[in-house]
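Visitor: Let me give you the structure first, and then I'll get to my questions.
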């Protein structure tokens with residue numbers, strides 16, 4: 001059984017935001033008005049966090065793409081009263097929208113703040129409605145949504161592999177953010193399969209996970225910037 | 001405000017029957033009657049709406065007598081999520097010219113000549129949050145159509161209601177028997 005995970009090399013990230021845009025487009029993530037975004041009601045399953053380090057003029061811009069960590073020990077799953085969020089056998093933390101009652105316990109339990117509440121019914125300009133991804137639902141008002149590691153792509157990839165009578169390969173299943181990253185900063189695969197790059201990268205000397213001390217066992221690893229960069 | 005149940009009931013009974021105080025409509029009989037009405041309403045409401053089709057398509061004629069494959073009309077059944085329904089273009093392949101002398105065959109050809117789009121209506125409907133793919137079940141798992149659609153291929157007239165009840169219990173029983181995924185995200189997103 002695979003255990004899907006991600007390694008993000010912060011030295012390679014240029015903060016271009018391609019991952020963020022690709023994710024929104026792939027997963028029918030709705031936009032909100034700028035005043036609502038200022039209230040923290042904007043949704044981005046993948047978000048490039050920015051931080052300025054040092055004092056002017058000796059400053060460095062730091063970027064950190066932050067998807068759902070798909071924790072092996074997910075705090076959000078523990079607090080869901082209706083089993084709408086759960087972790088599946090392959091380590092993907094799923095959110096079943098028709099089951100979600102919108103209590104937002106999970107959003108509050110998540111230390112990474114990657115669970116988003118739909119404060120409004122999703123809206124798109126007429127010209128964009130035809131471009132919604134039919135493989136992903138459009139979430140209604142009142143439910144929590146989150147990154148799924150593009151699980152629908154895994155399903156499609158498995159289907160293709162089975163139709164061709166072969167095993168699933170590493171390149172077959174890559175989330176939209178990974179596909180879009182122009183510098184190859186995001187690597188995705190089976191953390192337990194030595195053939196996959198992530199299995200090796202997670203043991204890199206620069207590898208770390210966010211808030212490891214909480215015991216959430218996140219499956220997204222970061223490769224910290226080398227000294228002097 | 002306090003409500004006196006007995007007074008309310010006798011008034012309701014009076015309004016219903018015009019026989020204020022009719023002995024047989026009191027107590028358990030009335031409750032039973034109301035329960036029966038409620039049951040009938042629930043049963044009627046839970047039944048799917050009848051589905052009408054533009055022409056009286058005969059599955060036996062097409063799939064057995066003429067030995068056409070399902071994918072002749074349901075063109076995406078092996079490749080797509082939705083199997084697809086035939087349209088005027090599909091029917092025109094044969095019915096541009098009149099096939100046989102039955103009244104319906106005459107009607108199809110006339111409709112096509114008039115430029116009718118022949119919009120067939122979906123009979124089997126899944127809830128919006130169910131992500132089902134025909135390709136996965138038909139092309140890859142090699143299931144027979146009848147496994148889910150029942151004896152649709154042996155109908156001579158379009159049924160107005162689905163022949164089987166496709167619900168989550170139905171899906172899960174098969175998935176469990178065939179040791180397939182019962183993971184929530186496999187079907188729900």
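The values are calculated or read from the model by the stated rules, or taken from the named source; none is laboratory data. Keep in mind that this is a model prediction, so the values were computed, not measured. Backbone-built Cβ (ideal geometry, glycine too); neighbour counts: all protein chains shown.
Visitor: Looking for whichever is in a loop (DSSP other than H, G, I, E, B) and surrounded by fewer than 10 Cβ atoms within 10 Å (Cβ to Cβ) here; the options are B:101, B:76. Which one fits? Write out each step before concluding.
Guide: Details: B:76 fails: surrounded by fewer than 10 Cβ atoms within 10 Å (Cβ to Cβ).
Answer to the check: B:101.
Visitor: Can you tell me which residues in the stretch B:93-129 are within 14 Å of chain A (Cβ to nearest Cβ) and in contact with a helix residue (DSSP H, G or I) (Cβ under 8 Å, 6 or more places away or on another chain)? Can you show your working first?
Guide: Pass one, the stretch B:93-129, residues within 14 Å of chain A (Cβ to nearest Cβ): B:126-129.
Of everything in the stretch B:93-129, those that are within 14 Å of chain A (Cβ to nearest Cβ) and in contact with a helix residue (DSSP H, G or I) (Cβ under 8 Å, 6 or more places away or on another chain) turn out to be B:127, B:129.
Visitor: In the stretch B:104-134, what residues are touching a residue at least 40 places away in the same chain (Cβ under 8 Å), part of a helix (DSSP H, G or I) and more than 17 Å from residue B:58 (Cα to Cα)?
Guide: To start, the set of residues in the stretch B:104-134 that are touching a residue at least 40 places away in the same chain (Cβ under 8 Å) comprises B:104, B:107-108, B:111, B:116, B:118-126, B:129-134.
With the extra rule that they be part of a helix (DSSP H, G or I), the set shrinks to B:104, B:107-108, B:111, B:134.
Hit for the stretch B:104-134 is B:134, nothing else.
Visitor: Got a sec? Which helices (runs of 4 or more DSSP H) wholly within the stretch A:126-185 have at least 1 residues that are more than 19 Å from residue A:1 (Cα to Cα) and within 10 Å of chain B (Cβ to nearest Cβ)?
Guide: A:151-163
Visitor: Still on this structure, please answer the following. Output the residues belonging to the stretch B:135-163 that are exposed (fewer than 15 other Cβ atoms within 10 Å of the Cβ), more than 19 Å from residue B:78 (Cβ to Cβ), free of Cβ contacts under 8 Å to residues at least 40 places away in the same chain and touching a helix residue (DSSP H, G or I) at 6+ places or on another chain (Cβ under 8 Å).
Guide: Hits for the stretch B:135-163: nothing passes.
Visitor: When residues of the stretch B:176-189 are filtered for being in a helix (DSSP H, G or I) and either surrounded by fewer than 12 Cβ atoms within 10 Å (Cβ to Cβ) or more than 14 Å from chain A (Cβ to nearest Cβ) (or both), how many remain? Steps first, answer last, please.
Guide: Our first condition is that a residue be in a helix (DSSP H, G or I); within the stretch B:176-189, this holds for B:176-177, B:184-186.
Pick out the ones that are also either surrounded by fewer than 12 Cβ atoms within 10 Å (Cβ to Cβ) or more than 14 Å from chain A (Cβ to nearest Cβ) (or both) and you get B:176-177.
Residues in the stretch B:176-189 being in a helix (DSSP H, G or I) and either surrounded by fewer than 12 Cβ atoms within 10 Å (Cβ to Cβ) or more than 14 Å from chain A (Cβ to nearest Cβ) (or both): 2 in total.
Visitor: Turning to a different aspect of this structure: Can you pull out the helices (runs of 4 or more DSSP H) entirely within the stretch A:2-89 that have at least 3 residues that are at pLDDT 95 or above and under 27 Å from residue A:102 (Cβ atoms)?
Guide: Numbers: elements: A:18-26, A:34-38, A:75-79.
So the answer is A:18-26, A:75-79.
Visitor: Further, regarding this structure: Among (1) farther than 16 Å from residue B:124 by Cα; (2) away from every other protein chain (no Cβ under 14 Å); (3) in contact with a strand residue (DSSP E or B) (Cβ under 9 Å, 6 or more places away or on another chain), which single condition is residue B:171 missing?
Guide: Residue B:171 satisfies all of (1) farther than 16 Å from residue B:124 by Cα; (2) away from every other protein chain (no Cβ under 14 Å); (3) in contact with a strand residue (DSSP E or B) (Cβ under 9 Å, 6 or more places away or on another chain) except (1).
Here is a yes/no grid of residues against (1) closer than 29 Å to residue A:202 by Cα; (2) surrounded by fewer than 16 Cβ atoms within 10 Å (Cβ to Cβ); (3) touching a strand residue (DSSP E or B) at 6+ places or on another chain (Cβ under 8 Å):
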| residue | (1), (2), (3) |
| --- | --- |
| A:63 | yes, no, yes |
| A:83 | no, yes, no |
| A:97 | no, no, yes |
| A:115 | yes, no, yes |
| A:118 | no, no, yes |
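Visitor: Next question, about the same structure. Of the conditions (1) part of a loop (DSSP other than H, G, I, E, B); (2) in contact with a helix residue (DSSP H, G or I) (Cβ under 8 Å, 6 or more places away or on another chain), residue B:52 satisfies every one except a single condition; which number is it?
Guide: (2)
Visitor: Does the stretch B:84-98 include one or more residues that are over 30 Å from residue A:161 (Cβ atoms), in a loop (DSSP other than H, G, I, E, B), without any contact (Cβ under 8 Å) to a residue 12 or more places away in the chain and assigned by TED's automatic domain parsing to the domain that holds residue B:153?
Guide: We begin by selecting, within the stretch B:84-98, every residue over 30 Å from residue A:161 (Cβ atoms); these are B:86-98.
From what is left, the residues that are in a loop (DSSP other than H, G, I, E, B) are B:86-87, B:96-98.
Still in the list and also without any contact (Cβ under 8 Å) to a residue 12 or more places away in the chain: B:98.
Cutting the leftovers down to assigned by TED's automatic domain parsing to the domain that holds residue B:153 gives us B:98.
Yes; the residues of the stretch B:84-98 include at least one that is over 30 Å from residue A:161 (Cβ atoms), in a loop (DSSP other than H, G, I, E, B), without any contact (Cβ under 8 Å) to a residue 12 or more places away in the chain and assigned by TED's automatic domain parsing to the domain that holds residue B:153.
Visitor: Applying the selection to the stretch A:75-125, what residues are away from chain B (no Cβ under 14 Å) and under 22 Å from residue A:4 (Cβ atoms)?
Guide: A:75, A:76, A:78, A:106, A:109, A:110, A:111, A:112, A:113, A:114, A:115, A:116
Visitor: If you go through the stretch B:136-154 one residue at a time, do you hit one that is within 14 Å of chain A (Cβ to nearest Cβ), part of a loop (DSSP other than H, G, I, E, B) and under 14 Å from the mean Cα position of the chain (by Cα)?
Guide: Looking through the stretch B:136-154, none of the residues is within 14 Å of chain A (Cβ to nearest Cβ), part of a loop (DSSP other than H, G, I, E, B) and under 14 Å from the mean Cα position of the chain (by Cα).
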